[in-house]
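A.B. asks: Got a structure for you, written out below as structure tokens; questions coming shortly.
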Amino acid sequence: MKLKISPSKTVQITSTLLLLMLGLVSIAGWHLKKISLIQIGPDFVAIQYNTALAFLFLAIGVIFIYSGQRKIGCFWGALVATIGFLTLIDHVSHLDLGIDYFLTKQFMSTSSIQTGHMAPNTAVCFVLSGTGLLASAFRERRDCSILKFILGVSIFSFGLSAFLGYLLNAQIAYSWTIEKPMAMQTAFGFVLTGIIFLLPDWDRNNPVQLPLLVFTMGTILSVLFYRSFNASENEFLNLRFKFDVANKIISIRYEVETCQQILNSLRGLYNASTEVTDREFLQFIKTTRGSRDFHTIQWVPRIINEESRERFPVLYSNPPADKNATSGFDYASMPGVLKFIEQSRDQGISLILEPESSMFAEDSRQKPVFGMVEPVYKLGETPDTILDRRNHLMGFLVGFVPFRALLENALALIIHQPIDVYIYDVTSPGSRKFLCRYPEGDGSFKQPFDDPDQIKGLHITETIHIINRKWMISFIPTSDYLTAYGRTWLPAIFFMGSMIITLSISAFIWNFMKSKAKVDEVRARFEKVIETANDAFVSLDEKGAVTEWNRSAELAFGWTRAEALGKRLADLIIPAELKEKHTHSLKRFVATGTPTILNKRLELKALHRDGHEFPIELTVWALHENASYSFHSFIHDISERKETEKIKSEFISMVSHELRTPLAIIKESISIILDGLTGPVNERQTKHLATAKNNVNRLAKLINSVLDYQKLDAGYMRFLMDENALNQTIEEVKNGFQTVAKAKGLEILCEPDETLPLFLFDRDKIIQVLNNLLNNAIKFTPQGRVVIRSEKKDETAIVSVRDEGPGIKPEDFSKLFQSFSQLHTSTGRNIGGTGLGLVKSKKIIEGHGGTIGVESVYGKGSTFYFTLPLTKEMPA
Amino acid sequence: MSGKKIVLADDEPDMLEVYGARLSLLGYNVIPAANGRDALAQIRAQKPDLVLVDYKMPYLNGLEVAEQVKSSEELKHIPVIMLTASPGVINLDTAEKHLIDAYLIKPFETEHLLEKIRQFIG
């Protein structure tokens, strides 16, 4: 048994085998830990283990389905779809369903290889492929076939766009998320898969498939374009945002340090004025309130009480004017704070207080605030040792800074950017304390974020060390910021634009292919009609070259279509003696538009390839299109007809001859008796014999007519052209009828045109015509007159014979010149004859190149006329 | 008029019979011939005053007989009238000019035949 494999089938089988190999080689690569088998190059992404596995399953499924085991094929298809689907769920839900470790725990630890995850676009393609495989199993169902086609188009488009992405270095085409790109061989695998699905149903002439493919490719490219545009916008926004945030952090840090320096400088001021009472100091620093960022600065003295315990009373309200003492709060009573201020004392530097201590800030409207302590020692200088510091400590300067003021001042240093700021204290491990929020944008907080981890969208959270504390600062761009630097409508507009273009192109192709299919169908039908016609169909261009040549033409002339096309007709089928005439008349028609042979049924001779000539009948018509002519003809081989005609005419000749001889004998026999040569004949016998003789004559006449007609029809008529005087000929014929006319009481008049010259015509034949016309005129005119007229008009002579007979109905005109028809109309009696007279006359006149016709008014008489060209020279 | 010799050649016996009878009754000496060869032999032997010859005959057709007659110095004075049933086969108008002196197409009127005969031999 021999298997016939179409090219489409070959591609399909090759693709399937390649897919199978791709799966096998990649799996082998993973198991053998050969990077070269799973990674095309060092800069390329490796094909994942489960991707390779899915390709293997896919190839197995395809093989089963095309070998008829549909149920098994379905199983593999479902498996592939499931792998893809679960991976997708993995990606979307951020859950680990373990699909990445499906059937393997092997991972490559090479730094160039990302292990584990199948790319999301790969997963989508596998879902489509698996579904496609399921659809292929129900191939006989039309909707499944369409589904399979659409799936095939999608897979092919995804694969091809990813593959092109690698070739054109457009990452977005093969990588939907930055960390998980589709491998190059995976992309190639999907191109193969697409081909396997598409090819069995691919029909180049189908008006839907190509536009659908274009549309899908266009859509995918549009989406990729949109995503890439978006990504570059995002990238710019991120950079910009990072830059702005970095600037802000520098400013904030700078501002806090400035506060520290102010407190430090105040310490010097305090030492320099030892005489100043606390009260005076307070009065003094009141003026500094509001300077820079400080909301308030307090003096917290160290007081050692009776039990030698240190106390650090904080004034939280100004003392009344009449009292020196005021109620206060001892910092030392707060364990956390105490430890903290002791640290400040021991280190001799200013520190920021715990957030809780800000409760001592005076004005709650200024909250939130943070406090800063600055140790003040006796003798002004910071003592060198901790012991001295402890002994010489006089107290602390405590300043409170509202975050608002701090940030306002800090951010005023740099260009205003609408970014919201959230500050948290994260100094003690495990605890996070919300400090403040600062709306730099429109001030409309969406909500205070207690937990910066909950912030969605674009943001930067940085943990920074400020003096002794750790602050976590979250920066969130406001919508104003995003509008200014980030997302625009451009990608969306471009996406819409490219989709519109894609749609338009698809629609155009669809429309084009649809109309082309229709045109092709109509053309194919017409070509088939021409091709199967029984007559030869031949078309020519203006130059006489063949443009159409159907099957019958091949058979008739012996030239194949391929041989005939483009050749001049004159070189193919026109006999030598007609070539020049053909070329000449073609040229003349193209130049002047004067038709010679168009739209007539002609009998000519044609040349067969083998050299024999044969008679043809043809009709030629011209078309005028695009400013040039084309000629078309149906040609009919009439050899057989001619042969039949010849046999017929020979038969008629023979029959007429065979009839004439016995008629002559019968006639003579009757004559001998009638003439009394055999004895006396009585009157009754004479009468009967005369009747017999008359009928013999009638029969003889009939034979003559038939033979005459047959001679004409067979084209045997020969003309003896000579220069003759037409008027004289007419006169002679007229004289021949005088006797008959007189007997009937008719008058024959002649109206000759004396300007008629001598010209060439067959005198005897024209006499026959005149005889016939005059005979008819006299026969059908009961009384009155018959007028014969001659006239010279241009280069023709016109002869008319007018009678005053019953006339002819217009509908009978055409019958007049047909064989064997004689009108027996108003007269109601048979006038006798075969009705061949006019037919013969017509042949004679046409043989001279003239025309014959009749004009008649029914009831008033008829005028028969004929024309003859005034030919002077003998035709060559 | 009587005793004038006429060779009547026709392959149709009835034709010879009826026209032989008619011409004999009119006083001519009719010598019948059944074919062209016969006719030529009779003409040569009898030297008739007139020849009436059919066109279509065995061995020699009427025209060939006429040709033989007209090509002979001895015989060419003899008028030849052709009686034919096949007017289409030869151009009688041309033949008449060269080889035959007159023709009649069958069936013809006896009067016409007699007229022609009288025209040549009185």
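Any read-out appearing in this document is the output of simple, stated calculations on the displayed coordinates, not a laboratory observation. Just so we're clear, the structure is a prediction, and the values are computed from it rather than from any experiment. In this analysis, Cβ positions are derived from the backbone assuming ideal geometry, glycine residues included, and neighbour counts consider all displayed protein chains.
A.B. asks: Report, in debye and to the nearest 20, how large the dipole of the range B:5-121 comes out about its Cα centre when Lys and Arg carry +1 and Asp and Glu carry -1 on their Cβ.
C.D. replies: 280 debye
A.B. asks: How many partner chain Cβ atoms sit within 10 Å of a residue's Cβ in peptide A:654-664, on average, as a whole number?
C.D. replies: Other-chain Cβ atoms within 10 Å of each residue's Cβ, averaged: 6.
A.B. asks: Okay, moving on. Pop the C-beta distance of A:GLN261 and A:GLU233 into the FRET formula with R0 = 56 Å and round what comes out to the nearest 0.05.
C.D. replies: Computed FRET efficiency for A:GLN261 and A:GLU233 comes out at 0.85.
A.B. asks: Taking loop as defined by DSSP and a crowding limit of 14 other beta carbons within 10 Å, which trypsin sites (Lys or Arg not before Pro) in the range A:487-554 fit?
C.D. replies: Those satisfying the criteria are A:LYS543.
A.B. asks: Sticking with this structure for a sec: Among the lysines, which fall within straight-line cross-link reach of A:LYS33, defined as a Cα-Cα distance under 16 Å, with same-chain neighbours fewer than 8 residues apart omitted?
C.D. replies: Of all the lysines, those that pass the test against A:LYS33 - Cα under 16 Å, at least 8 places apart if same chain - are A:LYS105.
A.B. asks: What ranking do A:THR532, A:THR87 get, fewest neighbouring Cβ atoms within 10 angstrom at the top?
C.D. replies: Taking fewest neighbouring Cβ atoms as first place, the list is A:THR532, A:THR87.
A.B. asks: Hey, another quick one. How do A:TYR858, A:TYR485, A:TYR254, B:TYR55 rank when sorted from fewest to most other Cβ atoms within 10 Å of their own Cβ?
C.D. replies: Ordered by Cβ neighbours within 10 Å, fewest first: A:TYR254, A:TYR858, A:TYR485, B:TYR55.
A.B. asks: Here's a follow-up. Order of A:371-384, A:146-159 by packing, highest average Cβ count within 10 Å first?
C.D. replies: Sorting A:371-384, A:146-159 by mean packing, highest first, produces A:146-159, A:371-384.
A.B. asks: Another one. Sort B:TYR59, A:TYR331 so the one with the fewest other Cβ atoms within 10 Å of its own Cβ comes first.
C.D. replies: Going from sparsest to densest Cβ surroundings: B:TYR59, A:TYR331.
A.B. asks: If you take each beta carbon of peptide B:105-113 and count the beta carbons of other chains within 10 angstrom, what is the mean?
C.D. replies: 6
A.B. asks: Please report, in whole Å³, the volume per residue of the convex hull around the C-alpha atoms of the range A:603-660.
C.D. replies: So the per-residue Cα hull volume is 99 Å³.
A.B. asks: Oh, and also: Return a whole-number percent for the relative contact order of the range B:5-121, with Cα pairs under 8 Å and 6 or more residues apart as the contact set.
C.D. replies: With pairs under 8 Å counted, the relative contact order is 22 percent.
A.B. asks: OK, next. Roughly how many whole Å is it from the C-alpha centroid of the range A:645-706 to that of the range A:499-555?
C.D. replies: That distance is 67 Å.
A.B. asks: Quick one: if the Förster radius is 45 Å, what FRET efficiency do B:ALA21 and A:ALA725 give, using the C-beta to C-beta distance and rounding to 0.05?
C.D. replies: 0.40
A.B. asks: Tell me the label-point distance for the pair A:THR583, A:GLN171, using the 7 Å Cα-to-Cβ offset, in nm and rounded to one decimal.
C.D. replies: Using points 7 Å along Cα→Cβ, the separation is 7.5 nm.
A.B. asks: Also, quick follow-up: Looking at the range A:397-443, which chymotrypsin sites (Phe, Trp or Tyr not before Pro) are DSSP coil and have at most 10 other C-beta atoms within 10 Å of their C-beta?
C.D. replies: Filter output for the range A:397-443: empty list.
A.B. asks: Taking the Cα centroid of the range B:34-86 and of the range A:154-232, what is the distance between the two, rounded to the nearest whole Å?
C.D. replies: 106 Å
A.B. asks: Run the Debye formula on the Cα coordinates of the range A:591-633, all scatterers equal and no solvent, and tell me log10 I(q)/I(0) at q = 0.23, 0.30, 0.33 1/Å.
C.D. replies: For the range A:591-633 at q = 0.23, 0.30, 0.33 Å⁻¹, log10 I(q)/I(0) is -0.84, -1.04, -1.13.
A.B. asks: Pairs to check: A:LYS701/A:LYS860; A:LYS242/A:LYS456; A:LYS687/B:LYS5. Give those whose C-alpha atoms are more than 28 Å from each other in this structure.
C.D. replies: As for pairs spanning more than 28 Å Cα to Cα, those are A:LYS701/A:LYS860; A:LYS687/B:LYS5.
A.B. asks: Here is a follow-up. Please state the shape class of the range A:201-250: rounded when a/c is under 1.5, otherwise prolate if a/b exceeds b/c and oblate if not, all from the C-alpha gyration tensor.
C.D. replies: Prolate.
A.B. asks: Still on this structure: Mind pulling the per residue volume of the convex hull built on the Cα atoms of the range B:5-121? Å³ is fine.
C.D. replies: Spread over its residues, the Cα hull of the range B:5-121 gives 89 Å³ apiece.
A.B. asks: Quick one: Karplus J couplings for the range A:565-575, per residue in order, coefficients 6.51, -1.76, 1.60, θ = phi - 60°, nearest Hz, x for Gly and Pro?
C.D. replies: 4, x, 7, 6, 4, 4, 8, 9, 10, 9, x
A.B. asks: Count, for each residue of B:11-19, the Cβ atoms from other chains sitting within 10 Å of its Cβ, then give me the mean as a whole number.
C.D. replies: Taking the mean over all residues of the peptide, I get 4.
A.B. asks: Let me ask another. Place the peptides A:802-809, A:781-788 in order of packing, highest mean first, counting for every residue the other Cβ atoms within 10 Å and averaging per peptide.
C.D. replies: A:802-809, A:781-788
A.B. asks: Loop only by DSSP, 13 or fewer other Cβ within 10 Å of the Cβ. Give me the trypsin sites (Lys or Arg not before Pro) in the range A:753-782 that pass, ordered by residue number.
C.D. replies: Within the range A:753-782, no trypsin sites (Lys or Arg not before Pro) qualify (loop, at most 13 other Cβ atoms within 10 Å).
A.B. asks: Can you return the lysines within cross-link range of A:LYS148? Criterion is Cα-Cα under 23 Å, with same-chain partners fewer than 8 residues away left out.
C.D. replies: Straight-line reach from A:LYS148, under 23 Å: A:LYS9, A:LYS71, A:LYS514.
A.B. asks: Highest first, please rank the peptides A:464-471, A:741-748 by the mean number of other Cβ atoms sitting within 10 Å of their residues.
C.D. replies: By packing density, highest mean first, the sequence is A:464-471, A:741-748.
A.B. asks: While we're on this one: Could you compute the FRET efficiency for A:THR385 and A:TRP489, with r as their C-beta to C-beta distance and R0 at 51 Å, rounded to 0.05?
C.D. replies: My answer for the efficiency is 0.15.
A.B. asks: Cα to Cα, under 19 Å, and not fewer than 8 places away if on the same chain: which lysines meet these conditions relative to A:LYS793?
C.D. replies: Partners found: A:LYS872.
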